[in-house]
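Structure below; questions to follow.
The values are calculated or read from the model by the stated rules, or taken from the named source; none is laboratory data. Treat the numbers as computed from the prediction; the structure is a model and nothing was measured. Cβ sites come from the backbone with ideal geometry, for glycine too, and all protein chains shown count toward neighbours.
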Amino acid sequence: MSTSMQNRISALRNEFEKKGIKPTGSEEESVQEKLSEEAPLNKEKPEESNDAEDFTAVVMADSGNRPVPYIEDAEKVDTEADVEFDLSGAYTSSNYAAKASETVDMPPRREIAEEPEVVLKDPESTSYIREFPTALLNVAMAMFPGKSQTKALSCYIAYYSGVTQGLSDDLIDYVEAKKRKDDKNDPLKVLTSQVGALTAKMKQLELNILAVELGTASLIHDKFGYAQGGYPKNASELDFNKVGVLTVKDRLEHSGKAVKMDAAAKKGREIYHSKYSAK
């Protein structure tokens, strides 16, 4: 056994003694087994697998197959690139040149038809109408019996439009008489007229009640000695629009509301006692 081997065996023995390990066989056999179990110095240690690094490597290797757009001018950078998805990955291609040469077919613009200009004839003149529908003419003649076709059609238009220019006086009187007769027989128009008359009467009644309230307030104001400055010589000079009179009127309204509330409460108590006192 060489000297270097003995030195190594001694070193290992010292190391075992420090760790409290005793060799089971001979010292040389245990040392040789130890040396045989050690890996050779020139053998490379296998690298640990790293999934993240492997995935990055695959992606980087695959990125070499992707087409890189060539930009001739920095101002022509396409900010709206097309992205196509495939099983092998996503491919991005510049569509600047395609869009520059592409012609978009826009739908035809909807044209708004202009209304024809209204051309009116001289209202003092007369007009001749040909090929007028007979069914429409029959409606006018049935509404104005005993008139000629021209007069019946003229009265029909004047009745609904209110335009009587160009008609004779007898035709105007005839149309107005027809309107008055129809208004009397029309239930809706009769009801509208009655509601209008009732509304006017209610407004007048409201004014009358206000006049009575002012007169009563003025008497109370004078009765309690609040009036100052004497009385006017003429009745036409009477003025009820005074601060004191209006204050008395407001107090009367306030007292009236209070009396009404008290009466309602009293009636409620009477109903309650009559219902539950007998039990």
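Consider segment 103-157. How many of its residues are at pLDDT 80 or above and not acidic (Asp, Glu)?
Of the residues in that region, 32 qualify.
Could you grab me the full set of residues in segment 229-255 that are part of a helix (DSSP H, G or I), among the charged types (D, E, K, R) and surrounded by 10 or more Cβ atoms within 10 Å (Cβ to Cβ)?
Lys249, Asp250, Arg251, Glu253 - these are the residues of segment 229-255 that are part of a helix (DSSP H, G or I), among the charged types (D, E, K, R) and surrounded by 10 or more Cβ atoms within 10 Å (Cβ to Cβ).
Do we have Ala200 as in contact with a Lys or Arg (Cβ under 9 Å, 6 or more places away or on another chain) and either among the β-branched types (Val, Ile, Thr) or assigned to a helix (DSSP H, G or I) (or both) here?
no
Please state which one of Leu167, Leu171 is more than 50 Å from the chain's Cα centre (by Cα), part of a loop (DSSP other than H, G, I, E, B) and surrounded by 10 or more Cβ atoms within 10 Å (Cβ to Cβ).
Result: Leu167 is the single residue among Leu167, Leu171 that is more than 50 Å from the chain's Cα centre (by Cα), part of a loop (DSSP other than H, G, I, E, B) and surrounded by 10 or more Cβ atoms within 10 Å (Cβ to Cβ).
Something else about it: Can you tell which of Tyr159, Tyr226 is surrounded by 12 or more Cβ atoms within 10 Å (Cβ to Cβ), outside the structural domain of Leu252 (by TED's automatic domain parsing) and either touching a helix residue (DSSP H, G or I) at 6+ places or on another chain (Cβ under 9 Å) or free of Cβ contacts under 8 Å to residues at least 40 places away in the same chain (or both)?
Checking each option against the conditions leaves just Tyr159.
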